[in-house]
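Chemist: Got a structure for you, written out below as structure tokens; questions coming shortly.
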Amino acid sequence: MNGLAVKDRNETSIPLTFGEKTELLKRYEVYCYQVAFYLLQQEAGARLAAEEALLALYKLDGFFALPEHERKEKVKAAAIRHALAVRSGRQSS
């Protein structure tokens with residue numbers, strides 16, 4: 001899929017499917033991991049923090065309706081929040 005379905009769906013405010021949401025989140029997967037790794041400096045913790053951050057964002061329907069730059073900021077904030085939770089031992093998994 002080339003991402004056009006996701007863009008067209010948001011413009012008409014039709015709810016996204018599971019596949020469309022995951023496709024959109026894949027665009028931020030590496031960035032989310034990079035932010036978490038920068039804070040934690042360890043692969044396992046960064047992976048866990050990124051997974052939890054992306055899962056939390058998946059559950060926020062409003063996230064998918066945001067403009068690109070605002071979604072990126074939300075990803076960064078979620079990555080930081082979950083990385084700090086992993087560092088302090090408060091992760092949910």
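Chemist: Take the eigenvalues of the Cα gyration tensor for segment 19-93, scale each by 5, and report the square roots as semi-axes in whole Å, largest first.
Modeler: Taking √(5λ) for each Cα gyration eigenvalue gives 21, 12, 10 Å.
Chemist: Sticking with this one: What distance in nm separates the two pseudo spin-label positions at K26 and A77, each 7 Å out from Cα along the beta-carbon direction?
Modeler: So the label points at K26 and A77 sit 2.7 nm apart.
Chemist: Please state, to two decimals, what the Cα-based radius of gyration of segment 24-67 comes to when divided by 2.2 N^0.38 Å (N = residues).
Modeler: The reported ratio for this selection is 1.18.
Chemist: Where does each of 70-76, 34-40 land if you order them by average Cβ count within 10 Å, highest first?
Modeler: 34-40, 70-76
Quick note: the coordinates plus some simple rules give every number you see, no bench work behind them. Only a predicted model underlies this, so the values are computations on that prediction, with no experimental measurement involved. Every residue, glycine as well, gets a Cβ built from its backbone with ideal geometry; the counts of neighbours run over all protein chains shown.
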